[in-house]
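First the structure, in the form of structure tokens, and then the observations on it.
The values are calculated or read from the model by the stated rules, or taken from the named source; none is laboratory data. Because the structure is predicted, anything quoted here is derived from the model rather than measured. In this analysis, Cβ positions are derived from the backbone assuming ideal geometry, glycine residues included, and neighbour counts consider all displayed protein chains. Just the protein is used for accessible areas: all its heavy atoms, side chains included, with ligands, DNA and RNA removed. Shrake-Rupley method; radii C 1.70, N 1.55, O 1.52, S 1.80 Å.
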Amino acid sequence: MKRIPVPRYVLVVIALLVMYSLTYFITPQVVYIDTQSNEVISKDSLPPTKQGPTPQVPDTGAAAAVVGANDAKNDVQPEVQIEVSKEDPSKPKGPIKQFAEPDPPFTDKVKATFVTLARNKELYDLIKAIRGVEDRFNRKFHYDWVFLNDEPFTQEFKDLTSAIVSGKSKYGTIPKEHWSYPDWIDKEKAAESRRKMKEEKIIYGDSESYRHMCRFESGFFWQNELLDEYDWYWRVEPGIQIHCDLDYDLFRYMQDNDKVYGFTISIHEFRKTIPTLWDHTKEFLKLHPEHVAKNNFMDFISNDNGETYNLCHFWSNFEVASLNFWRSKAYRDYFEYLDKTGGFFYERWGDAPIHSIAASLFLPKDKIHYFEDVGYNHGVYTQCPLNDKFRYEHRCACKPDSDFTFRGYSCGKRYYDMMGLTRPVEWSKFQ
């Protein structure tokens, strides 16, 4: 049978009609992604459009990710393309982040910041500590973070820490005069002291840098210009851990309750590191009796009304405290007096006993606060809430068996007794 010839133009018309039908009825799926949150925007939440079956991108800064229809012939999976909006060029191209974003910033903040003294080589120990503080506390409040170093920070240090901190990150290099020998120090005498302490196997006994650090933390960190705009600080060191969720603002608590100095762990100092510290302190008090506060906490640091020092101090690697206290005339006078004696270099005075003695003598004792709810660890010592119900509710990751508060070398029992506080019901099980 002879086929009826079909004009070529008729075939072209039929092909065009088929292509038109396919483009009309088979439309690609369109997914909208918010460039601020990286979340998919529901189609139902978009405003109505008059542009046909394919909605247009709303002018809200969101970028469209167009998913091509499956190629039925080749069974090819659709490709996803993400366009970064012009309004936010800093957004990286690539996969969407899968970890949880920080909570919206808390608006009722006080003038406070975290402070960390660290070296570049401590970055990865520090990152773990920052991540813990952010997850347990600061993701809710977005407080700033000040980093200090006796050498310039590397770009890697700045990039990584600023990526994790939810507030503003600030970086400062310590002035040479705050991290060097003052003019009045006999360096040969200081070197001889370090040699003897090394022979006696005193921890950090032969370390010059440790002595500079203790002097800096005692008398200079609060003078750094990066801290001028703040009233409060929380000290964080590399390697520390926060074990419990902190659902309230510790800075706000201190300010609203008229507190000045907060701590988590108290401990006895090594006597051989501070053989003359208390003698010099008594001499200072004779010269400046006006600095001694009424209703002070002398009974915490002395068992005989000030004749001797019992070595109790607040462990200063965790402090939530008022910068204005260190800026006060009483503390400035005390530090300057101690500094002139050379004890930071001829002995091995730590900032912890100096801070503790000052707080105990120059403040009424009700200005000092024990944070029993933090769940804090530094090195071999841990503070862990003893109440089971509290630990469960605050998702604490510490064992009460590890709590140091009422152990023999701790000063926790004396703190509770001299402050007139009732010890926790569970305390006797963990002493």
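A Cβ distance below 7 Å, combined with a sequence gap of six or more or placement on separate chains, defines the contacts here; from the stretch 333-354, residues that are in contact (Cβ under 8 Å) with a residue 40 or more places away in the chain reach residues that are basic (K, R) in the pairs F344/R211; F344/R215; F345/R211; Y346/K189; R348/R211. Just one of (1) touching a Leu at 6+ places or on another chain (Cβ under 8 Å); (2) more than 23 Å from M254 (Cβ to Cβ) fails for E336. It is (1).
One residue alone among R136, R194 is without any contact (Cβ under 8 Å) to a residue 60 or more places away in the chain and of a type in the set (K, R), and that residue is R194. Checking every residue in the stretch 297-313 against the condition of being assigned to a loop (DSSP other than H, G, I, E, B), open to solvent by less than 30 Å² (accessible area, probe 1.4 Å) and small (G, A, S) gives at least one match.
Restricted to the stretch 105-193, the set of strands (runs of 3 or more DSSP E) holding at least 2 residues that are modelled with pLDDT of 95 or more and crowded, with 20+ Cβ neighbours inside 10 Å comprises 112-117, 144-149.
Note on the stretch 353-376: residues that are closer than 27 Å to D135 by Cα and either open to solvent by less than 10 Å² (accessible area, probe 1.4 Å) or of a type in the set (S, T, N, Q) (or both) total 5. As a summary of the residue check, S322 satisfies the conditions (1) surrounded by fewer than 20 Cβ atoms within 10 Å (Cβ to Cβ); (2) at pLDDT 95 or above; (3) of a type outside the set (D, E) except for the one numbered (1). Only a single item in (1) closer than 30 Å to E192 by Cα; (2) open to solvent by 10 Å² or more (accessible area, probe 1.4 Å); (3) in a loop (DSSP other than H, G, I, E, B); (4) of a type outside the set (D, E) is not met by R332, and it is number (3).
Restricting attention to the stretch 300-341, the residues that are more than 29 Å from E225 (Cβ to Cβ), under 32 Å from the mean Cα position of the chain (by Cα) and of a type outside the set (V, I, T) total 4.
Kindly indicate whether any position in the stretch 365-379 is in a loop (DSSP other than H, G, I, E, B) and acidic (D, E).
Yes: one or more hits.
Against the conditions (1) part of a loop (DSSP other than H, G, I, E, B); (2) closer than 22 Å to Y253 by Cβ, where does Y416 fall short? Just the number, please. Here Y416 meets the rest and fails (1).
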